[in-house]
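The values are calculated or read from the model by the stated rules, or taken from the named source; none is laboratory data. These numbers were taken from a predicted model, which means no experiment stands behind them. Cβ coordinates were reconstructed from backbone atoms using ideal geometry, including for glycine residues, and neighbour counts include every protein chain displayed.
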Amino acid sequence: MRKTWRGPATALLTSLAVLVPVAATLSPAMAMADAPSGVRINEVESSGGAPGDWIELVNTASAPADVSGLVLKDNDDTHSFVVPAATTIPAGGFLALDVDVAYGLGAADSARLFTADGVTLIDTYSWTAHATTTYGRCPDGTGEFVTTKTPTKGAANDCVVPDGSTEPGTGGPSALPWPGGTAISAVDAAGFFGTNLSGLAYQPSGTAAPGTIWASKNGVGTMYQLAWNGATWAAVSTDGWASGKPLHYADGTGDVDAEGIALTDAGPAGGVFISSERNNDVSKVSRPSVLRYDVTGSAATLSATIEWNLVADLPPVAPNSGLEAIAWVPDSFLVAQGFVDESSATVYRPADYPNHGTGLFVVGLEANGTVYAYALDQVSGDYHRVATISSGFSGVMDLEFDAERSALWAACDDTCDGRSSLLQVAQTGERAGHFAVTTVYERPSGMPNINNEGFALAPQKLCVDGLKPVFWSDDNNTASHALREGTIACSPTTTDPTDPPTPVDPPAGPAKPVPTASLTDATRGFITAPATAHPGAPIIVAVGAASAGGSVDVWLHSEPVHLARRIVSGAGTVNVTIPASAAAGAHRLAVVAADGTLIGWADITIVAISTPAGTPGSGNGPSGPGISTPGSGTAVAGLASTGIDISTPATALLLLLGCGAGLLLLRRRGATS
């Protein structure tokens, strides 16, 4: 947890301001140290909100923002709402705060955001009458406040443009029609599941035959193994699965509130994973956990073989608003996409997390719609948060990795009119290497707006006439059915999208680099690469779709080092590894075509790996290089240190005065001890 040294530090700054007036210009910057960059008020509900008045914040920065301890006030300084500890907003994400528990917002009132001292103002908005909907910035985070089209608590604002429509770029959630058929059919036996069916995971058969659907029920916590019988998806009758299997914690007790369900590339042999909000036997206590179950036996009930309790790492939430969704994403995909490990601010390196398997788990929090990516140690039960991702919704019900689309689906329920968002790893821009929402889809027109909490896709091998099956589970068991099937367009691919670009052998002789002198401003910018990388780290370089299928050589300058020859992927990228012997400092990464022509170059800084205080995977909780724990900010391993130039007389004077003030404080403290 971050600790702020307020007493002596404040006195020291005051002393400097008095003794050296020019030093007073340093004070405001330091006073704003607790103000997270990019956080602003984004939407305000002052009348008729659910459950009451609320104020929404947005994080416009390119990294998660810790907003713990920030203070929200109305126009009365005695009215304060303090943001709970361990609260973060993902990059580009939203956080709605129910201030109604502390005060109500009036018809003529203000929403003001302060740092933790309750005095330093970060942002403010005032109004003279209640909005018919809400007041929100259009576009999000940067625009002026206007009356929105509809309230979008915890999500992008629904902005109205002059012609009355919504359009991309205004902050409005411009959803596209569902990319598949309109027809929906119930595919379970009427009344079999009852209410509370939640998560779904599809296990392929490996052929064009239907596979297995694994399903989870949140009360009583139960796991089901379903097979297609020609008419419905019915429970497997062997090995005790006929009525599903109740779920318990590792000690054999409890009723696990089983919300989401996921498989890894090992299939059920590697365990079936459940995301849970709480123990239903202690229903008023939040227990957001991921649990692994061995499903290979014939026991009538299942007890977890391991539990990752994430309560210490996630924002405080109500017991029934916790981990609703879970999916598994393979390391091979993440590395090929240049996925960024936000805890170390560099490209994700699977080797940093021993025993985590071959992929990361992403879990979705119902309370805020945020997705969290974790490396889960399959031996010790430790965990490490790798990234925080905005789903684009105020709540997320299920997550599904889609290898064919190279994307992650986030599904919402009737709260969001049954919409789904598609998230992909950005390849360019300041969000390169981070998941971001690229498309939002409406539910199929034949699907009623019901409480769908589960979402699963069939594999590519089940495509018929360009469509393949997709499944939803309805927590409310509408019309006595909890499982429904529709279709989604297949995504033709010529290669497995989880495979990195195929390497080829280097040329027989040393490849010829272009002269370093040719790396000028006129030739740069035609490729993109990470701004920083560690020695020995894999990185992804965007060369451009025009080079897809071609052979390129990648070089690290200034003394040219040949990194690899690669075939450019269909997405226009290659991946290479920075040499472990690469010296720290500024370098240039150049990409040369097979004919020796320079395609382009980019600056890259090699950052030495510092020795962390702990080792990846140590401790029962967040761990690993550059660990970011709630309230601690993000620690970046290996960044170059910065300091103050003491060669100038003015700076030296400031340091001497600072030392004198510090000694004076110590003497006073000693005198009063």
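For T495, which of the numbered conditions (1) surrounded by fewer than 16 Cβ atoms within 10 Å (Cβ to Cβ); (2) at pLDDT 70 or above fails to hold?
Single failed check for T495: (2).
Please verify whether A590 is among the small types (G, A, S), buried (at least 21 other Cβ atoms within 10 Å of the Cβ) and in contact with a helix residue (DSSP H, G or I) (Cβ under 9 Å, 6 or more places away or on another chain), treating the condition exactly as stated. Give the steps one after another, and end with the answer.
On the way: among the small types (G, A, S): yes; buried (at least 21 other Cβ atoms within 10 Å of the Cβ): yes; in contact with a helix residue (DSSP H, G or I) (Cβ under 9 Å, 6 or more places away or on another chain): yes.
Answer is yes for this residue.
Taking only the range 455-475 into account, find how many residues are touching a strand residue (DSSP E or B) at 6+ places or on another chain (Cβ under 6 Å), among the aliphatic types (A, V, I, L, M) and part of a strand (DSSP E or B).
4
For D313, all conditions in the list (1) at pLDDT 95 or above; (2) charged (D, E, K, R); (3) surrounded by fewer than 22 Cβ atoms within 10 Å (Cβ to Cβ) hold save one; what is the number of the exception?
(1)
For the range 313-347, enumerate the residues that are of a type in the set (G, A, S), in a loop (DSSP other than H, G, I, E, B) and more than 13 Å from the chain's Cα centre (by Cα). Walk me through it before giving the result.
So in the range 313-347, the residues of a type in the set (G, A, S) come out as 318, 321-322, 325, 327, 332, 336, 338, 343-345.
Filter once more, so that each one left must be in a loop (DSSP other than H, G, I, E, B): 318, 321-322, 338, 343-345.
Correct list: A318, S321, G322, G338, S344, A345.
Considering R431, R443, R419, which residue is charged (D, E, K, R) and modelled with pLDDT under 90? It would help to see each step written out before you state the result.
Working: R443 fails: modelled with pLDDT under 90; R419 fails: modelled with pLDDT under 90.
Criteria check complete, one pass: R431.
If you check N42 against the conditions, is it assigned to a loop (DSSP other than H, G, I, E, B), touching a strand residue (DSSP E or B) at 6+ places or on another chain (Cβ under 6 Å) and at pLDDT 90 or above?
Considered against the rule, which asks whether it is assigned to a loop (DSSP other than H, G, I, E, B), touching a strand residue (DSSP E or B) at 6+ places or on another chain (Cβ under 6 Å) and at pLDDT 90 or above, N42 comes out as no.
Quick check on the range 244-266. Is at least one of its residues within 28 Å of the chain's Cα centre (by Cα), assigned by TED's automatic domain parsing to the domain that holds Q225 and in a helix (DSSP H, G or I)?
No, because not a single residue in the range 244-266 is within 28 Å of the chain's Cα centre (by Cα), assigned by TED's automatic domain parsing to the domain that holds Q225 and in a helix (DSSP H, G or I).
Looking at V574, V554, can you tell me which residue is in contact (Cβ under 8 Å) with a residue 40 or more places away in the chain and closer than 22 Å to F339 by Cβ?
Just a single option satisfies the conditions, and that option is V574.
Give W214, W233 a once-over and let me know the one that is closer than 23 Å to E324 by Cβ and without any contact (Cβ under 8 Å) to a residue 60 or more places away in the chain.
Numbers: W233 fails: without any contact (Cβ under 8 Å) to a residue 60 or more places away in the chain.
Only one candidate qualifies: W214.
Within the range 212-230, is even one residue modelled with pLDDT under 95, outside any strand (DSSP E or B) and either in contact with a helix residue (DSSP H, G or I) (Cβ under 6 Å, 6 or more places away or on another chain) or surrounded by fewer than 20 Cβ atoms within 10 Å (Cβ to Cβ) (or both)? Steps first, please.
First, pick out the residues of the range 212-230 that are modelled with pLDDT under 95: 219.
If we keep only those that are outside any strand (DSSP E or B) too, we end up with 219.
This time we only want the ones that are either in contact with a helix residue (DSSP H, G or I) (Cβ under 6 Å, 6 or more places away or on another chain) or surrounded by fewer than 20 Cβ atoms within 10 Å (Cβ to Cβ) (or both), so: 219.
Among the residues of the range 212-230, at least one is modelled with pLDDT under 95, outside any strand (DSSP E or B) and either in contact with a helix residue (DSSP H, G or I) (Cβ under 6 Å, 6 or more places away or on another chain) or surrounded by fewer than 20 Cβ atoms within 10 Å (Cβ to Cβ) (or both), which makes the answer yes.
Report yes if Y202 is closer than 17 Å to A269 by Cβ and in a strand (DSSP E or B), otherwise no.
So Y202 fits the description; yes.
Could you check how many residues of the range 378-399 are under 10 Å from the mean Cα position of the chain (by Cα) and in a strand (DSSP E or B)? Even if it seems obvious, please write down each step before you answer.
Start the filter on the range 378-399 by keeping residues that are under 10 Å from the mean Cα position of the chain (by Cα), which leaves 385-391.
If we keep only those that are in a strand (DSSP E or B) too, we end up with 385-390.
Looking only at that region, the number is 6.
Using beta carbons and a limit of 6 Å, which pairs, at least six apart or on different chains, have the first residue in the range 277-292 and assigned by TED's automatic domain parsing to the domain that holds W308 and assigned to a helix (DSSP H, G or I) and the second one at pLDDT below 95 and surrounded by fewer than 22 Cβ atoms within 10 Å (Cβ to Cβ)?
N280/G219
Keeping to the range 102-117, report how many residues are within 27 Å of T388 (Cα to Cα) and either of a type outside the set (A, V, I, L, M, F, W, C) or in a loop (DSSP other than H, G, I, E, B) (or both).
4
Look through the range 409-451, keep the residues that are of a type outside the set (G, A, S) and under 16 Å from A327 (Cβ atoms), and return whichever of them is surrounded by the fewest Cβ atoms within 10 Å (Cβ to Cβ). Walk me through it before giving the result.
Step one: list which residues in the range 409-451 are of a type outside the set (G, A, S), which gives 409, 412-417, 419, 422-425, 427-428, 430-431, 434-435, 437-444, 447-451.
Cutting the leftovers down to under 16 Å from A327 (Cβ atoms) gives us 409, 412, 422-425, 435, 437.
Details: W409: 24, C412: 29, L422: 19, L423: 23, Q424: 17, V425: 23, F435: 29, V437: 19.
Checked the range 409-451; the qualifying residue surrounded by the fewest Cβ atoms within 10 Å (Cβ to Cβ) is Q424.
Among the listed residues P51, P64, P90, identify the single one that is out of contact with any strand residue (DSSP E or B) (no Cβ under 8 Å at 6 or more places or on another chain) and either touching a residue at least 40 places away in the same chain (Cβ under 8 Å) or among the basic types (K, R) (or both).
The match here is P51.
Across the range 409-438, what is the total count of residues that are in a strand (DSSP E or B) and over 15 Å from G93 (Cβ atoms)?
Residues in the range 409-438 being in a strand (DSSP E or B) and over 15 Å from G93 (Cβ atoms): 7 in total.
Is it the case that A375 is under 30 Å from D281 (Cα atoms), of a type in the set (G, A, S) and within 17 Å of the chain's Cα centre (by Cα)?
Yes; evaluated as a whole, the condition is true for this residue.
Test S406 against the stated conditions and say whether it is surrounded by fewer than 19 Cβ atoms within 10 Å (Cβ to Cβ) and farther than 23 Å from A65 by Cβ.
The answer is yes for S406.
Are any residues in the range 334-359 out of contact with any Pro (no Cβ under 7 Å at 6 or more places or on another chain) and hydrophobic (A, V, I, L, M, F, W, C), and if so, which ones?
L334, F339, V340, A345, A351
Look at the range 78-101 and say how many of its residues are part of a loop (DSSP other than H, G, I, E, B) and either under 26 Å from A156 (Cβ atoms) or under 23 Å from the mean Cα position of the chain (by Cα) (or both).
Within the range 78-101, residues that are part of a loop (DSSP other than H, G, I, E, B) and either under 26 Å from A156 (Cβ atoms) or under 23 Å from the mean Cα position of the chain (by Cα) (or both) number 10.
Between a residue in the range 175-187 that is of a type in the set (G, A, S) and any residue that is surrounded by fewer than 18 Cβ atoms within 10 Å (Cβ to Cβ) and part of a loop (DSSP other than H, G, I, E, B), which pairs come within a Cβ distance under 7 Å, given they are 6 or more apart or on different chains?
If the second residue must be surrounded by fewer than 18 Cβ atoms within 10 Å (Cβ to Cβ) and part of a loop (DSSP other than H, G, I, E, B), the pairs left are A175/E442; A183/G446.
Restricting attention to the range 124-150, and to residues there that are in a loop (DSSP other than H, G, I, E, B) and in contact with an Asp or Glu (Cβ under 6 Å, 6 or more places away or on another chain), which single residue is modelled with the highest pLDDT?
T134
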